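These notes are about the structure you will find just below.
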Amino acid sequence: MSLLTLVGALPLLGAALIYLIPNKNTELVKKFALLVTTLVAVASIFLAIGFDKSVTTMQFTQSNSWISAFNINFAVGIDGISLVLILLSTILVPIVVLATWHESDGGRWSVKTFYVLILILETMMIGVFAATDLFLFYVFFEAMLIPVYFLIGGYGSANRSAAAVKFLLYSLFGGLLMLASIIGVYVISGNQIGATFDLTQLATLEIDNQTENFLFLGFFIAFAIKAPLWPFHTWLPDAAKAATPGTSVLLLGVLDKVGTYGMIRFCIELFPDASKTFTPLIITLAVISIIYGAFMAIGQKDIKGLIAFTSISHFGFITMGIFAMTTQGMSGSNLYMVNHGFSTAALFLIAGWMMARRNSSIISDFGGLQRVTPVMAWSFFIAGLSGLALPGLASFVSEFLVLVGTYTRYPVAAIIGTLGIILAALYILIPIQKTLHGPVTPGNEKMTDLNLREKIAIAPVIAIIVVMGFYPKPVLDLINPTSEKVVTNAGFTDPVAEVNK
Amino acid sequence: MLTAPSLGYLLLSPMIIVFAAAVIGVLVEAFMGKTHRAAAQLTISIGALLLALVQLWRIRDLSSTTAAVNSVTIDKAGIFLQATVVILALIAVLLIADQENFTAQASAVPGSNEEAVALLQKNQQTEIFPLFLFAVGGMMLFPVATDLITLFVALEVFSLPLYLLAGLSRRRRLLSQEAALKYFLLGAYASAFFLFGAAFLYGYAGTISLVGISAAAGSANEVFLLIGIIFVSIGLLFKISAVPFHSWTPDVYQGAPTPITAFMAACTKVAAFGALLRIFYIGFAEAQTMWQPIITVIAILTMVLGSVVAIAQRDVKRMLAYSSIAHAGFLLSGVVALSKDGLAASLFYLMAYGLTTLAAFGIIGLVRDSTGEVTDLNRWVGLGKKSPLVGSVFAFLLLSFAGIPLTSGFIGKFAIFSAAYQSGNIAIVVSGVLASAIAAFFYIRVIIMIFFTDPVNDSVSVIIPSVKSKISISVATVASMVFGLAPSLLLTTATNFATFIK
C-alpha cells in the first residue's frame, strides 16, 4: 500500500473513530477531528518530501483490481499538479476545523455528524486528485457531492436547503453528461486497445474528430459547472452564501479546483484535438467570466456573495491560462489554483468571524473595524490584497504567469483579462474601505478582536500567502515539469520560442 | 396411443417445488385450524423457496432445451433469472408475513359488520401465501418458457394471483379493490394483445416455438411478422410498465398492500424482463431491424416520461411507481443492445434494482400514524430527525435509485448504458443520462423533506418493525450496499450466466 493511499484513507478511518465518541462530548469530537486532519496534513507533507521532482511520471502509484468485469482498478498516483492540490486540501482542512470551531454548534444535526462529513469529504478530495483510473475519478467526483450537500443543507444559513439542492442538481447534471462521455471513451477503448479506464492508456486512443468533440464537451461542461465558468456559474453564489464559512472555504478553495484540474487532466490529456478545436470558445468564456465576475463582485452588498463572484473572476483567469496552451500559462494556472485556495480561505474565514461577531453579512453594516479589531482587520486587508493580486503576495505571481502565457498566443484575451486586475482593485478596495476604515459604524463598537485559536488558525494562511508571493519556487518546481509535459503532449510548443528565431 | 412425454424432472424441480408448495398451501388453508395456520404457511413458503434455491444451485451448470418437450429451456440466463426471482421472493415473503397489512377476510364487504367481526376474532385468512407461491412459480416459468403458449400460460399464472393480492389491503380497502380491478382489466387486455400477436406469429412461422419463429424470419410477408412482434411486445411492455402501457402502475402500486407492491415491483420486473430478453434475443433477433427502432423510441419515452411525471407526485408509493417506470426504460436499453454484455448488464440491474425496491417499500411500510401507513410525502417531513436510522437508509436507497456512485444503482446504470453504447445506440445513452438527471431531482427532493425540513405536528412516526421485516429490510439494504461497493462478484456471475441457448 503506498503512502498516498494511507494519506487518503486516514480521514476515513478518523471518521469511523469519531463515530464511536459519544454525541454529547462535542469538545472531544472537535479535538479529535483537529488531530486527525493535522496528522493527514503532516503525512501529506511527507508525501511532498518523498516526491521526486525530476520525473514527470506518476509516483506513489498503487493499483488493485476493483471491478474486474469492466477492468476498473483502484489506481492512484500523483504527479506535480495533483500533489500540490492534495497539499492544498490537506493543509486547508485542519485550518478550517480550527478556525470554525463553533460553526457546527447551531446545525440541524449533531456536531459529530459535521466532522464525520468533513472527514469523509477530505478522503474524497484526496481521492479525486489522486485517481489515475477514470472510473475511480468519477466515483470520487460524484460521491463527493453528497457530504457537501449535507454540509450546506444541514449547517448552512438562510436558504440552505434550496442552495444545497441547486448545487447538487447542477453538479449531478454535469456529472451525468460526463458519465455519457466516460462510457463513450470506455467503449472506444474496448474497440481499440481492450477495455480500460487507465488514463495513460486512454490518452493513446485514436478517436475520430466528431466523436472526440462530443466526448470532450461531456467532460468540459461537467468541469465548467464545477469550476464554475460563465454561464454555468449560477449555483456558486447561492451555495457560498448559504454554506457556513468553513464549508465555503472547502467548496471554493478545493472542490471547485476539481473542475480546473479536470480540464487539464482529462479534457486536454485525453482529447488534445478537441481541446484545440474548442480553445477559442473556451478562452472567450473565460474572458467573459473574468469581467462578468468582477463587475458582479463590485455590485455585491453581501460579503459572501462578493467573495463568490471574485472567485468566478479568478476561475476565468485559471481557465484562460490552461487553454492558452503555453507552459507559462499552464504553470501559472496551476499555481493560481493553490494561491486562490489560500487567499479565498483567508477571506472566507475572516469574513466568517466578522459576520459571526456582527451577526450580519451586509458590507455596509461594518465600518471602522481597523480601530476596533486591528488584528482581524489587518488579516482581512492582507487577504484582500492577495485577492487583487498585489505584487509581493501570492496571487500576483500566478496571475502574471497566466497573463504572460496567454499573451504569447492570444494577446487580445490577455489584454482584456488585464482589465480584470483593474476591476479587482475596485471590488476589493471599496469593500475594504467600507468595512475596515472610516468611522466605526454603530453596533460595531463592542466587537472583539481575534482570539488565540483564531490567530493560530489564520497565521499559517497569511504566512503562506506572503511567502508564496516572494518565493513561489518550491511550488513552481513541483508544477513546472508536469505543466510542460501536458502542453507538449497536447501537441503545442511555446510561441515565445518561435519569436526568438 | 399417446406416449408419455419425457420430462427433465431435475431441471424442472425448482419450479415443481414451488408449485407443489402452493398446492399444499391451499390444502393447509382449507384444513388447518387458525391458531397455527399462519406460521405453517410461512414455513411452507420459506421452506419451498429455500429448497428451490438449493435445487437451482445444483443445476447451475446444466442446460437443456427439452426439459419439458421443447416448451421450456433451462439455460444459464434462465437459471440466474429464476434464482433472482426466488431470492427476491424470499426477502419479500418476510414483509408479506406481517399479516397486519392484509384484510382478515377478503370476501367480507369493506366496512361491513362481517369485516369488523373477523378482525375482532382475529379470523385472519392466510390465502396470501399460496397465492404468493403461485405467482412466484409463474414468474420462474416465464423467463424460461420458449414457446408462445407456455409463455402465455406463465404470464397468466403469475398475473392472476397478483390481481387478487393487490386487492387484499386491510386499510383503504376500496382503493385497494379499485387498484385490483384496474390491474385485472388492463392486464386482461394486455394478455389479449399478447395472444393476438401470438396468433399472427404462428400464422407467419407455422410454429409457436421461439426458435422456429427466428428461423422463419424473412421467409414470408414480413408485415405479419411485424404485427406479431408488435402485439406480443405490447403484452410484455404492459407487464414491465413501459410507456404508453404504464398507466396502471401508479394506481396499483398505491392501492396494493405495501408488501405486495414490494413483491410486485421487484419480482414482476425480473420475470417480465427475463421473458422479454429471451423473446427478443432468441425469437426476434433475426428481425432486429424491424423492432429495434420501435423499442428504442419506447425506451426513451419510458425513461423520460417516468422521470418527468415522478416530479409531480406527492405520494411516495406513486413516486416510486413512476421511478419504476423510468427504470423500465433504462432496462429496455439492455434489450435494445442485443448483446451478451447487454444481457449481463440487465441481469445485474434486475438483481440490484429488485433488492433496492424491496428495501424501499419495506421502509414505506414502517412509516405510519394511528390509522395506518402514511404515504403522503408532505407528512414525511422531518422523518430524519425522528428516526435517523430509517431516514438515512431510505435516503441511501433513493441515492441508489438515482444512480449516485458507490451504490448498486450506479453500477447497474453504467453497465447497461455501456452495453447500449457498444451496440451503437448512443441516443439511448444520452437520453438515459439526461433522464437520470431529471430523476435525481425528485429523489433528492424526498431527501430534503426527510432531512432538511423540521417535523410538523401531524407528521408521522416510524413503528418498531417486526423481526421479520427487520431481517428483510436489512438483508436487502446490505446486499444493495455490497453490490455498490464491491460489485465484482455479482457482475462476474451475471457475465458467466449471460447466455441463452437456442
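The values are calculated or read from the model by the stated rules, or taken from the named source; none is laboratory data. Note that the structure is a prediction, hence the values are computed from the model and not measured. All Cβ positions, even for glycine, are placed from backbone atoms using ideal geometry, and neighbour counts span all protein chains on display. In case anyone asks, the SASA skips ligands and DNA or RNA and just uses the protein heavy atoms, side chains included. Shrake-Rupley method; radii C 1.70, N 1.55, O 1.52, S 1.80 Å.
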List pairs: first residue in the range A:278-298 and in contact (Cβ under 8 Å) with a residue 24 or more places away in the chain and open to solvent by less than 10 Å² (accessible area, probe 1.4 Å), second residue outside any helix (DSSP H, G or I) and among the hydrophobic types (A, V, I, L, M, F, W, C) anywhere in the structure, Cβ distance under 7 angstrom, at least six positions apart or on different chains. A:279/A:325; A:286/A:229; A:289/A:229; A:289/A:230
Of B:452, B:441, which residue is open to solvent by 60 Å² or more (accessible area, probe 1.4 Å), at the interface with chain A (Cβ under 7 Å from one of its Cβ atoms) and at pLDDT below 90? B:441
Please verify whether the range B:465-484 includes one or more residues that are in a loop (DSSP other than H, G, I, E, B), open to solvent by 20 Å² or more (accessible area, probe 1.4 Å) and within 12 Å of chain A (Cβ to nearest Cβ). no
List every residue pair whose Cβ atoms lie under 6 Å apart, where the two residues are 6 or more positions apart in sequence or sit on different chains, the first residue falls within the range B:181-196 and is part of a helix (DSSP H, G or I), and the second residue, located anywhere, is among the hydroxyl-bearing types (Ser, Thr, Tyr). B:183/B:163; B:184/B:163; B:187/B:159
When you go through (1) surrounded by fewer than 20 Cβ atoms within 10 Å (Cβ to Cβ); (2) more than 12 Å from every other protein chain (Cβ to nearest Cβ); (3) more than 24 Å from the chain's Cα centre (by Cα) one by one for residue B:460, which number turns out not to apply? (1)
Failed condition for residue B:66, given (1) among the β-branched types (Val, Ile, Thr); (2) touching a residue at least 12 places away in the same chain (Cβ under 8 Å); (3) in a helix (DSSP H, G or I); (4) over 28 Å from residue B:373 (Cα atoms), with all others met? (3)
Write out, first by first residue and then by second, each pair whose Cβ atoms fall under 8 Å of each other, whose residues are 6+ apart or on separate chains, and whose first residue, in the range A:68-96, is at negative phi while the second is basic (Lys, Arg) and open to solvent by less than 10 Å² (accessible area, probe 1.4 Å). A:81/A:265; A:82/A:265; A:85/A:257; A:88/A:257
Of the residues in the range B:200-224 that are within 27 Å of the chain's Cα centre (by Cα) and open to solvent by 50 Å² or more (accessible area, probe 1.4 Å), the one that is farthest from residue B:291 (Cα to Cα) is B:208
Single match in A:90, A:123 (criterion: out of contact with any Lys or Arg (no Cβ under 7 Å at 6 or more places or on another chain), under 26 Å from residue A:47 (Cβ atoms), more than 9 Å from chain B (Cβ to nearest Cβ) and open to solvent by 10 Å² or more (accessible area, probe 1.4 Å)): A:123
Residue within the range A:455-475 that is within 25 Å of the chain's Cα centre (by Cα) and among the charged types (D, E, K, R) present: yes
Within the range B:1-53, residues being open to solvent by 80 Å² or more (accessible area, probe 1.4 Å), assigned to a helix (DSSP H, G or I) and among the β-branched types (Val, Ile, Thr) number 3
Restricting the range B:118-132 to residues that are over 17 Å from residue B:47 (Cα atoms) and part of a helix (DSSP H, G or I), the residue that is most open to solvent (accessible area, probe 1.4 Å): B:120
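Every residue, every condition in (1) charged (D, E, K, R); (2) open to solvent by 50 Å² or more (accessible area, probe 1.4 Å); (3) in contact with a helix residue (DSSP H, G or I) (Cβ under 6 Å, 6 or more places away or on another chain), yes or no:
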position: B:70; (1), (2), (3): no, yes, no
position: B:75; (1), (2), (3): yes, no, no
position: B:78; (1), (2), (3): no, no, yes
position: B:110; (1), (2), (3): no, no, yes
Give me a count of the residues in the range A:383-398 that are under 14 Å from residue A:290 (Cβ atoms) and either among the acidic types (Asp, Glu) or in a loop (DSSP other than H, G, I, E, B) (or both). 2
Provide a single number: the residues in the range A:146-175 that are farther than 30 Å from residue A:360 by Cβ, facing chain B (nearest Cβ under 8 Å) and open to solvent by less than 10 Å² (accessible area, probe 1.4 Å). 1
Which listed residue, of A:403, A:450, A:426, A:436, is surrounded by 13 or more Cβ atoms within 10 Å (Cβ to Cβ) and within 30 Å of residue A:31 (Cα to Cα): A:450
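For every residue, the table says whether it meets (1) over 21 Å from residue B:419 (Cβ atoms); (2) in contact (Cβ under 8 Å) with a residue 24 or more places away in the chain; (3) within 14 Å of another protein chain (Cβ to nearest Cβ).
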{"site": "B:272", "(1), (2), (3)": "no, yes, no"}
{"site": "B:294", "(1), (2), (3)": "no, yes, no"}
{"site": "B:306", "(1), (2), (3)": "no, yes, no"}
{"site": "B:321", "(1), (2), (3)": "yes, yes, no"}
{"site": "B:335", "(1), (2), (3)": "no, yes, no"}
{"site": "B:338", "(1), (2), (3)": "no, yes, no"}
{"site": "B:341", "(1), (2), (3)": "no, yes, yes"}
{"site": "B:357", "(1), (2), (3)": "yes, yes, no"}
Tell me, yes or no, whether the range A:468-475 has at least one residue that is out of contact with any Leu (no Cβ under 9 Å at 6 or more places or on another chain), free of Cβ contacts under 8 Å to residues at least 60 places away in the same chain and within 24 Å of residue A:347 (Cβ to Cβ). yes
All positions within the range A:186-213 that are facing chain B (nearest Cβ under 10 Å) and open to solvent by less than 10 Å² (accessible area, probe 1.4 Å): A:187
Scanning the range B:417-430 for residues that are facing another protein chain (nearest Cβ under 10 Å) and touching a residue at least 40 places away in the same chain (Cβ under 8 Å) gives B:417, B:418, B:419, B:420, B:422, B:423, B:429
Looking at the structure I just gave you, is residue B:231 under 18 Å from residue B:332 (Cβ atoms) and of a type in the set (Phe, Trp, Tyr)? yes
Only residues that are of a type in the set (Gly, Ala, Ser), under 26 Å from residue B:502 (Cβ atoms) and assigned to a helix (DSSP H, G or I): list them for the range B:215-256, please. B:215, B:216, B:228, B:233, B:235
Among helices (runs of 4 or more DSSP H) lying entirely in the range A:151-243, which contain 2 or more residues that are touching a Phe, Trp or Tyr at 6+ places or on another chain (Cβ under 6 Å)? A:160-192, A:209-226, A:235-242
Matching residues in the range A:4-31 - criterion: being open to solvent by 20 Å² or more (accessible area, probe 1.4 Å), in a helix (DSSP H, G or I) and touching a helix residue (DSSP H, G or I) at 6+ places or on another chain (Cβ under 6 Å): A:10, A:12, A:26
Filtered residue count, the range B:375-400, keeping only those that are within 23 Å of residue B:312 (Cβ to Cβ) and more than 9 Å from chain A (Cβ to nearest Cβ): 14
How many of the residues in the range B:401-413 are within 7 Å of another protein chain (Cβ to nearest Cβ) and either without any contact (Cβ under 8 Å) to a residue 60 or more places away in the chain or open to solvent by less than 10 Å² (accessible area, probe 1.4 Å) (or both)? 2
